[in-house]
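Questions regarding the structure given below will be posed in turn.
Derivation of every value follows stated rules applied to the coordinates shown; laboratory data play no part. This one's a predicted model, so the numbers in the text were calculated from it and none came from an experiment. FYI the Cβ positions are ideal-geometry reconstructions off the backbone, even for glycines, and counts take in every protein chain you see.
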Amino acid sequence: MKRYPLYIDGKWTESKNGSTFEVLNPATGEVVGETADASEEDVKEAVEAAHRAFPEWSARPAKERAEVLHRVYESMLKHRDELAECMTLEQGKPLAEARGEVQYAADFIEWYAEEAKRVYGETIPASASHKRIWVLKQPVGVVAAITPWNFPAAMITRKVAPALAAGCTVVVKPAAQTPLTAGMLMELFEEAGLPAGTFNLITGTRPKEIGDALLGDTRVQKLTFTGSTEVGKLLMKQAADTVKRVSLELGGHAPFLIFEDADLETAAREVAASKFRNAGQTCVCTNRIYVHERIREPFAKQLADHVRQLKVGNGMEEGVEIGPLIDDRALEKVEHHVRDAVEKGAQVVTGGKRLDLPGGCYYEPTVLTGATEDMLVQQEETFGPVAPIQSFQTEKEALHKANSTPYGLAAYLYTRDLSRAIRVSEGLEYGIVGVNDGKPSAAQAPFGGFKESGLGREGGKYGIEEFLETKYVSVALT
Ligand code: NAD
């Protein structure tokens with residue numbers, strides 16, 4: 001049992017009203033921890049602390065900020081197993097995946113420790129000989145970071161690392177389902193010697209109250225949010241009142257295009273890996289599979305063969321590849337999507353129902369064929385282990401179907417034809433395209449969406465830009 005209070009101004013502190021909430025294991029329904037349940041007052045205090053800490057932290061040489069981040073990186077790797085276990089217990093993903101997430105999360109810390117030292121300005125040739133034009137990059141100020149439950153560690157480090165590297169201070173609000181991993185991470189940042197107020201952690205069950213307090217505060221200069229498109233739109237509207245900078249990493253509805261010349265065996269394996277990772281609860285998860293009609297049947301068979309071998313269960317058990325869904329609501333959404341698809345003519349090749357395992361919210365990994373545009377599985381994120389297959393005849397048709405959605409986060413294509421790979425990847429209206437690659441995410445690459453999948457980029461040299469202002473200084477020599 002883990003227990004975390006809030007972390008404000010360098011101190012672990014109970015919420016002002018003394019309330020707490022329990023954290024449940026989605027694999028068993030058991031209580032695995034407890035954290036403080038923050039109120040508006042706590043948020044105000046955290047923002048105040050971040051605001052106070054900003055001048056000192058932003059004035060520190062980048063090298064010193066980098067040293068703190070390097071220490072966090074080292075200790076994340078040292079505590080990889082404990083972090084992974086904590087994540088599996090509160091979120092459900094299999095332990096091996098959780099370990100992979102710790103590495104991925106730590107990679108952002110390491111990358112931005114280095115990137116802190118490469119925040120360059122510019123000089124621009126002026127039009128008059130007595131003038132100089134300088135462009136400076138400066139941290140935006142206090143950052144509010146709101147994160148989802150599906151990647152409890154990486155969604156925090158992907159925001160906090162570039163923010164701290166840039167010289168900003170932060171108030172983080174993780175999802176109520178997964179506050180314990182956030183608490184553990186906070187401990188590691190504290191041990192690494194981060195000054196008081198630089199990184200504050202607010203956990204709570206009233207997201208609107210916390211969100212209103214963060215967004216209504218003029219001392220918060222920037223919102224960085226990862227979560228659903230629905231909540232992202234709401235926060236963007238709220239941010240407009242005080243013209244806060246916003247970065248939004250929102251929902252996806254990734255298409256996976258498999259052309260007739262693809263290596264079927266590899267494509268089926270990659271689709272399975274991309275679709276069923278984290279039980280299908282990943283923003284870049286394949287959601288719609290478009291297969292050339294000539295290879296539809298052999299592909300569906302290969303995919304179903306892979307999927308039938310996937311072991312579902314409690315992520316703490318050896319060999320389990322798919323854990324539970326996060327909660328009953330998620331399970332009901334998956335059931336609703338599959339029922340809707342079947343009623344509209346889809347065929348279940350494998351799976352298609354709840355799994356009767358004790359305690360948790362399990363759904364059989366499912367492959368559907370005969371998917372059509374009018375089905376919910378083709379229209380919105382299922383966020384579950386369901387792989388709907390639809391066929392196409394021409395490249396143009398495949399591209400049109402792939403782009404026919406308000407979302408634009410990740411898309412994938414499999415082909416051995418280089419010209420087609422270039423044409424299609426250029427035509428896809430998506431921020432991330434995997435060509436013969438089902439796992440494109442990397443700390444050094446830009447991650448983010450087109451259209452309603454978001455604004456801005458995380459990762460790589462692009463990620464730190466989101467936390468920097470551009471200042472133009474014009475100097476006239478006298
Ligand atoms: P969500 O939008 O319900 O919640 C995300 C966060 O926002 C949580 O911390 C939640 O407590 C908070 N929140 C909810 N309502 C709020 C409000 N009114 N004011 C302030 N905060 C509020 O999303 P979720 O269910 O936690 O996560 C799943 C979603 O996240 C999916 O849509 C997924 O695609 C998306 N996601 C996107 C990315 C990406 O990089 N684009 C990565 C991971 C997840």
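Once each part is reduced to its C-alpha centroid, what is the distance from region 254-323 to region 396-460 in angstrom?
18
Label-point separation (nm) for Arg339 and Lys16, each offset 7 Å from Cα along Cα-to-Cβ?
Result for the modelled spin labels: 4.4 nm.
Roughly how tilted is helix 418-427, in degrees to the nearest 10 and between 0 and 90, from the longest Cα axis of the chain?
60
Which value at 222 nm does the chain reach when only helices count, each DSSP H run of 4 or more adding -39,500 (n - 2.57), with the total divided by all residues and rounded to the nearest 500 deg cm²/dmol?
-12500 deg cm²/dmol
May I pose another question? Hand me the tally of lysine pairs in region 254-435: alpha carbons under 27 angstrom apart, and the pair either on different chains or 8 or more positions apart.
Lysine pairs satisfying the spacing and distance rule in region 254-435 number 21.
In whole Hz, what ³J(HN,Hα) sequence does region 206-212 give by Karplus (6.51, -1.76, 1.60; θ = phi - 60°), x for Gly and Pro?
10, x, 5, 4, 5, x, 4
Okay, moving on. With an 8 Å cut-off on Cα pairs and a minimum separation of 6 or more residues, tell me the relative contact order of the chain in percent.
The normalised contact order for the chain reaches 18 percent.
Would the chain count as rounded, prolate or oblate if I go by the C-alpha gyration tensor, calling it rounded below 1.5 in a/c and otherwise prolate when a/b exceeds b/c, oblate otherwise?
Oblate shape, in that a/c is at least 1.5 and b/c is the bigger or equal ratio.
Something else: How far is helix 62-78 tilted, in degrees, relative to the longest principal axis of the Cα atoms in the chain, given as a value from 0 to 90 rounded to the nearest 10?
Helix 62-78 and the main axis of the chain meet at about 40 degrees.
Which FRET efficiency value, to the nearest 0.05, do you get for Ala273 and Arg3 by plugging their Cβ-Cβ distance into 1/(1 + (r/R0)^6) with R0 = 35 Å? Provide the component values of the computation, followed by the final result.
Working: r = 36 Å, r/R0 = 1.02.
About 0.45, to the nearest 0.05.
Let me ask something additional. Mind checking which lysines have their C-alpha under 19 Å from Lys222, skipping anything on the same chain fewer than 8 residues away?
Partners found: Lys44, Lys137, Lys159, Lys173, Lys208, Lys233, Lys237, Lys244, Lys461, Lys471.
What are the residues whose amide H is under 5 Å from the amide H of Val170, where those residues sit 5 or more places off or on another chain and H is modelled from the backbone?
Correct list: Val143, Phe199, Asn200.
Rounded to the nearest 0.05, what FRET efficiency do Leu418 and Glu373 give with R0 = 30 Å and r taken as the Cβ-Cβ distance? Could you check?
For R0 = 30 Å, the calculated efficiency reads 0.50.
Right, next: Starting from 0.36 nm per residue, how many nanometres of slack lie between Leu77 and Glu64 once their C-alpha separation is accounted for?
Numbers: separation 13, 0.36 × 13 = 4.68 nm, distance 2.06 nm.
2.6 nm is the gain from fully extending Leu77 to Glu64.
If r is the Cβ-Cβ distance from Lys117 to Lys208 and R0 is 35 Å, what FRET efficiency results, to the nearest 0.05?
The pair Lys117/Lys208 has a calculated efficiency of 0.35.
So for region 43-115, averaging the separation of alpha carbon pairs under 8 Å that are six or more residues apart and normalising by length, what relative contact order in percent results?
This gives 36 percent for region 43-115.
Given charges of +1 on the Cβ of Lys and Arg and -1 on the Cβ of Asp and Glu, with all other atoms neutral, how large is the dipole of the chain about its Cα centre, in debye to the nearest 20?
Details: 55 positive and 69 negative charges, 289 e Å.
It comes to approximately 1380 debye.
While we're on this one: Using mean Cβ contacts within 10 Å as the protection proxy, how do 30-42, 54-66, 273-285 order, highest first?
273-285, 30-42, 54-66
Given points 7 Å out from each Cα along the Cα-Cβ axis, report the Asp263 to Glu297 separation in nanometres with one decimal.
A separation of 2.6 nm, rounded to one decimal place.
Give me the distance in nm between label points sitting 7 Å out from Cα along the Cα-to-Cβ direction at Glu397 and Lys353, one decimal.
With each label placed 7 Å out from Cα toward Cβ, I get 3.4 nm.
Counting only residues 5 or more places away or on other chains, whose amide H sits under 5 Å from the amide H of Leu409 once H atoms are built in the peptide plane?
Those qualifying (amide H under 5 Å, at least 5 residues apart or on another chain) are His253, Gly431, Phe450.
Another question about this same structure. In whole Hz, with x marking every Gly and Pro, tabulate ³J(HN,Hα) for region 153-166 from phi via Karplus 6.51 cos²θ - 1.76 cosθ + 1.60, θ = phi - 60°.
Along region 153-166, the couplings run 9, 5, 6, 7, 5, 5, 9, 5, 4, x, 5, 5, 4, 6 Hz.
Given the options Gly370, Ile326, Gly351, identify the residue whose Cα lies farthest towards the positive end of the charge dipole of region 254-435 (+1 on Cβ of Lys, Arg; -1 on Cβ of Asp, Glu).
Value: Gly370.
Rounded to the nearest 20 Debye, what is the dipole magnitude of region 254-435 about its Cα centre when Lys and Arg each give +1 and Asp and Glu each give -1 at the C-beta? Don't jump to the answer; show the numbers that get you there.
Details: 20 positive and 28 negative charges, 28 e Å.
That gives a dipole near 140 debye.
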